[in-house]
Amino acid sequence: MPGLHITRQLLRMRRDWDRRARENARHYVVTGQPQWSDEEFFQSGRITLEEDILNDLENICQGQDPKAMKVLEIGCGAGRVTRAFAGFFGDVYAVDISHEMVRQAQQAVSDFPHARVFRNNGKDLSALSGPWWRRFGIGQPLQIDFAFSSMVFQHIPSRAIIENYVREVHRLLRPGALFKFQVQGCTDVAHETQNSWVGVSFSEQEARRMADRWGFEMRYQSGVGDQYYWLWFFKK
């Protein structure tokens, strides 16, 4: 990825999300209320599982046993959804740019040895590559059966960073598998390149072009023009 500009954006994103995590991680993950108990916070993750996963098993599992699947969550925050995933899927891998968010997410899934949380660099999935898998008894590079991201890309101010994540997911997904994710769809919302809260927006045409560029079929969409613009990208 080019440039000093991207590097500055990544530094700001990491700094901002570490600060937010130290201040009130759960509120910044889910802004619906200022304080969350453990039960409330993790119940909200179970609701996400019910609404976005259990209602879409045909596309997500494609006939596989969920307990046999390897899944990836991008931007796991404090482990709200990661913990719900760990109770449903086989192997769960999650990444986040914030050291403090990762610490809290690791604590959230501490009872699930098959759930692993990594701090990544904020622009790719290299944290899931390399010799680490041998330490966990994995004999070959990781291949993912399903990838997911919710309320994450809507905060990223760089189209290049988002597209790089899409490219990286394509690299790790098995053929035919689904990347289900949400972006900012409000094209009339102004975003600033130095802002790590209001991210760059995508129109339907831009989303379809992105899918084509990185080897995906954009089979479904929901919420076009909305803050929560969901995309179903299937690896060709």
| message | Being within 14 Å of the chain's Cα centre (by Cα), hydroxyl-bearing (Ser, Thr, Tyr) and on the phi < 0 side of the Ramachandran plot is the requirement here; does SER98 meet it? | response | yes
| message | Within segment 197-213, does at least one residue satisfy the condition of being closer than 20 Å to VAL71 by Cβ and polar (S, T, N, Q)? | response | no
| remark: When segment 153-164 is checked residue by residue, the ones that are buried (at least 22 other Cβ atoms within 10 Å of the Cβ) and either at pLDDT 95 or above or within 20 Å of PHE234 (Cα to Cα) (or both) are PHE153, ILE162
| task | Can you give me the ranges of the strands (runs of 3 or more DSSP E) entirely in segment 165-236 with at least 1 residues that are among the hydroxyl-bearing types (Ser, Thr, Tyr), free of Cβ contacts under 8 Å to residues at least 40 places away in the same chain and surrounded by fewer than 20 Cβ atoms within 10 Å (Cβ to Cβ)? | result | 216-222
| field | In segment 66-91, the residues that are farther than 30 Å from LEU10 by Cα, outside any loop (DSSP other than H, G, I, E, B) and either of a type outside the set (Lys, Arg) or within 17 Å of the chain's Cα centre (by Cα) (or both) | value | PRO66, ALA68
| said: If the requirement is being touching a helix residue (DSSP H, G or I) at 6+ places or on another chain (Cβ under 8 Å) and either under 19 Å from PHE234 (Cα atoms) or buried (at least 23 other Cβ atoms within 10 Å of the Cβ) (or both), which of these qualifies: GLY63, GLY90, GLY77? | reply: GLY77
| task | Search segment 45-58 for residues that are more than 18 Å from ALA177 (Cβ to Cβ) and pair each with any residue that is buried (at least 16 other Cβ atoms within 10 Å of the Cβ) when their beta-carbon atoms are under 6 Å apart and the residues are at least 6 apart or on different chains. | result | GLY45/ARG80; GLY45/VAL81; GLY45/ARG83; GLY45/ALA84; ARG46/ALA84; THR48/VAL81; LEU49/ALA84
| task | Take the residues in segment 1-53 that are among the aromatic types (Phe, Trp, Tyr) and part of a helix (DSSP H, G or I), then tell me which one is nearest to TYR229 (Cα to Cα). | result | TYR28
| query | What about LEU54, is it among the aliphatic types (A, V, I, L, M) and modelled with pLDDT under 90? | reply | no
| request: Just give me the residues in segment 151-164 being part of a loop (DSSP other than H, G, I, E, B) and touching an Asp or Glu at 6+ places or on another chain (Cβ under 7 Å), in sequence order. | output: PRO157
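The values are calculated or read from the model by the stated rules, or taken from the named source; none is laboratory data. Because the structure is a prediction, the values reported are computed rather than measured. Note that we place each Cβ from the backbone using ideal geometry, even for glycine, and neighbour counts take in every protein chain shown.
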